Structures are given as structure tokens and as C-alpha cells.
Amino acid sequence: MSTTRIQFIAHGRRATLFRAPDLMSADHPWAGFSFEEANAPSEPMPSHSWSKTTLLYVTGGQGSLRWKHRGVWSVDPLQSGTVSITRRDVEIQSVLPSGSFRMMVLQLDGARFQELAPAQIVAIEKSLSSVQVTRDVRLAALLSAMSAEVKDGCASGRLYGESISIAFLAYLAGRYATPPLLADCEKSLSPAEMRTLVGFIRENLANNISVTELAGLVQMRPSHFARIFKASFGITPYQFVMRERVASAKELFVSANLSASQVASEIGFSSQSHFVKVFRQFTGVTPKQYQAGL
């Protein structure tokens, strides 16, 4: 189990933000950013900075935050959905929280995601504004999706984790980096590339496929590949793989005398509950209901 913790730097020393977080992404097989969730500390914070770009997302409760940066005090109301973004190495001279609220704190390790989305990482680390507090519904939704996936035991696998990470980086860079991130030159997958991807996915449905792995088949950066894949197939890589798994499940229900749990394992689902959830999303019925109608 990983001992990686969310830390800030004060008086030249590193300190953990939460004494005992309720949820730590490092304790799970999560293919995304490091984050922790807990009740927000009620005590004031001295002059400090973060060694990594850090987002503080309020997930419940309400209060306010009085903070000082470059000699100027700001006061922001805090309620569910508020997100504070602080670029790495930016000094916050003082923080005075009030009220009672829960928060998810996420840190962006640029080195870790350099291969996944290099252009977005550069934009965030070089052009992101120093400090911003926002009520951004889309940003909150991406953070909530990360938290929900970890709470669910990361049942959706690496492909989903990397897809959420890429979407998060693209949105953060495009919305909050200045100047705005310039989009890569778009192109479509060739028929041969599409056949290669479809063939690989169908042959490896039982495996924990990743965006990085698929992008490597057509020699693209994962972040660029995710956009091109959706433009070519009309759905994301994760949705495509889930659709193929459901199609395979239907075939197995017809051709083999297997239970729903056996089928789930056969086609790469880590749990029967996740299989049932995805199967219902694509067919409108549960696997049991589908079998009963055969």
C-alpha cells in the first residue's frame, strides 16, 4: 500500500494536510491523480506553498476562506462545488478558514503524466494563473467522477482512469491556462488503423486495456489519440471497449451455459456489480433479465 500523502510546504518543511483522510487514492489501483478526502482543517494555515499544482474541491458543507497572496487579502464563500486552484510553488501568505466543510484535495504530478498529455502539462505548469477560486460545474464533475471511481474500488479499470485524467488535463489547460492551449492539428484514423484498434480490443477484452496502450498501436500521444478516436468512432475509447464487452457477453449468454458472474470474469469486468451496471447502460436490462428473454 502506498504511503504517498498530500503535502504542503511551510517554513521549509513538508507537512501533511489531513491527519487521517477518509479516502486516499494511493490506497487503490487508481490510474489517475493523487488525491485525499476528509473534513477540512479548521485551524489557520501559515505561509505555505504546494510543490505540485493543487486543487481543493469542496464536496459538502459550507463556510468561507480568507486568504492572502502577494499582500492582498481575498475572501471566498465555500459550498459544495467550489474549487480552488493553486499553481505549484506559488506562495499563499495566510489562510483563515471558517465554517464546516468537506474537501477533496488533488495534486497534479506533471512528471507522472508527461507521456499521457505532454502539451497540456506544459500549458498548466507554465501558463496557469497563480491562484483561482471557481464554481465550475464541469471541473467539479470530473473531480467527482475520480472520487466515485476510487470509492467503487476502481472497478472500471485503467482505461477509465486514464480517460478521466486526460479529460481533466485537457479541460484544466484549455479553460484555466493563459494563453489558451492551442489544439493539436486534427486528423482521422485511417481504415487500417481503425481495423488494428478494433482487432486488438476484441482480442484483449479480458485484459485491463489502457489508453496509453491503444495510442501506442497507432503511434500517437494518448491525449491526442483520445480526441481522434472519438472523432473517428463517435464514442470514447472507454465507451467502445464497454460496448464490445457487452456484445461479447450477449454472445456468451447464447452460446455457453455460463452464469452472469462467469461471463463478467470472462470478458474483463473486475466485479459482477460493474458488469450489471454497464450491461444495463447499453441494453436497458440487467444480464438476468436479458437471459430470461432469450
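Backbone phi angles across the range 230-242, fed through the Karplus curve with coefficients 6.51, -1.76 and 1.60 (θ = phi - 60°), yield HN-Hα couplings of 5, 5, 7, 9, x, 9, 6, x, 4, 5, 5, 5, 4 Hz in residue order; Gly and Pro are listed as x.
Around Phe279, what is the net charge, scoring Lys/Arg as +1 and Asp/Glu as -1 over all other residues with Cβ under 15 Å from its Cβ?
On the way: positive: Arg243, Arg245, Lys250, Lys277, Arg280, Lys288; negative: Glu244, Glu251, Glu266.
Local net charge: +3.
Summarising the amide proton neighbourhood of Gly61: residues at separation of 5 or more, or on other chains, whose placed amide H is nearer than 5 Å comprise Ser80, Arg102. Taken about its Cα centre, the range 101-228 carries a charge dipole of roughly 280 debye when the Cβ of each Lys and Arg holds +1 and the Cβ of each Asp and Glu holds -1. If the segment from Ala10 to Arg102 were pulled out straight at 0.36 nm per residue, it would be longer than the present Cα-Cα gap by 30.9 nm. Placing unit charges on the Cβ atoms of the charged side chains and taking the dipole of the range 1-75 about its Cα centre, the candidate lying farthest along the positive direction among Val72, Phe18, Pro46 is Val72. Amide H to amide H, with H built 1.01 Å from N, Asp109 comes under 5 Å of Ser34, counting only residues 5 or more places away or on other chains. Taken over the alpha carbons of the range 189-294 as equal point scatterers, the Debye sum produces base-10 log I(q)/I(0) values at 0.13, 0.19, 0.24 Å⁻¹ of -0.50, -0.92, -1.24.
Taking the chain as the reference, fit the longest principal axis to its C-alpha atoms, fit the long axis of helix 118-127 to the helix C-alpha atoms, and give the angle between the two in degrees, 0 to 90, nearest 10. The helix 118-127 is inclined about 20 degrees to the chain. Using +1 at the Cβ of each Lys and Arg and -1 at the Cβ of each Asp and Glu in the chain, identify which of Leu159, Tyr290, Ala123 lies farthest towards the dipole's positive end. Sorting the options by dipole projection puts first Ala123. Only Lys, Arg, Asp and Glu carry charge here, each on its Cβ (+1 for the first two, -1 for the last two); on that basis the range 189-294 has a dipole of about 320 debye about its Cα centre. A cut-off under 14 angstrom between Cβ atoms defines the neighbours of Lys52, and their net charge, with Lys, Arg +1 and Asp, Glu -1, is +1.
Between Ser127 and Phe233, the modelled labels are 2.9 nm apart [label points 7 Å from Cα along Cα→Cβ].
In the chain, Cα pairs under 8 Å separated by at least six residues give a relative contact order of 14 percent. Using only side-chain charges placed at the Cβ, +1 for Lys and Arg and -1 for Asp and Glu, the dipole size of the range 1-148 relative to its Cα centre rounds to 320 debye. The 3J(HN,Hα) values that the Karplus relation (6.51, -1.76, 1.60; θ = phi - 60°) gives for the range 55-60 are, in residue order, 10, 10, 10, 6, 9, x Hz. Gly and Pro appear as x.
Most tightly packed first, judged by the mean number of other beta-carbon atoms within 10 Å of their residues, the peptides 25-33, 161-169 read 161-169, 25-33. Can you find, among Gln114, Ser94, Ser188, the residue sitting farthest towards the positive end of the charge dipole of the chain, where Lys and Arg contribute +1 and Asp and Glu -1 at Cβ? Checking the options against the dipole of the chain, the answer is Ser94. One way to sum up the overall shape of the chain is the equivalent ellipsoid from its Cα gyration tensor, whose semi-axes run 39, 23, 15 Å, largest first. On full extension, the segment bounded by Asn204 and Ala192 gains 2.5 nm, given 0.36 nm per residue less the C-alpha separation.
Bear in mind these aren't lab numbers, they're just calculated from the coordinates by the rules spelled out. Remember, predicted model here, so these are calculated numbers, not experimental data. Heads up, the Cβs are rebuilt from the backbone with ideal geometry, glycines too, and the neighbour counts pull from every protein chain shown.
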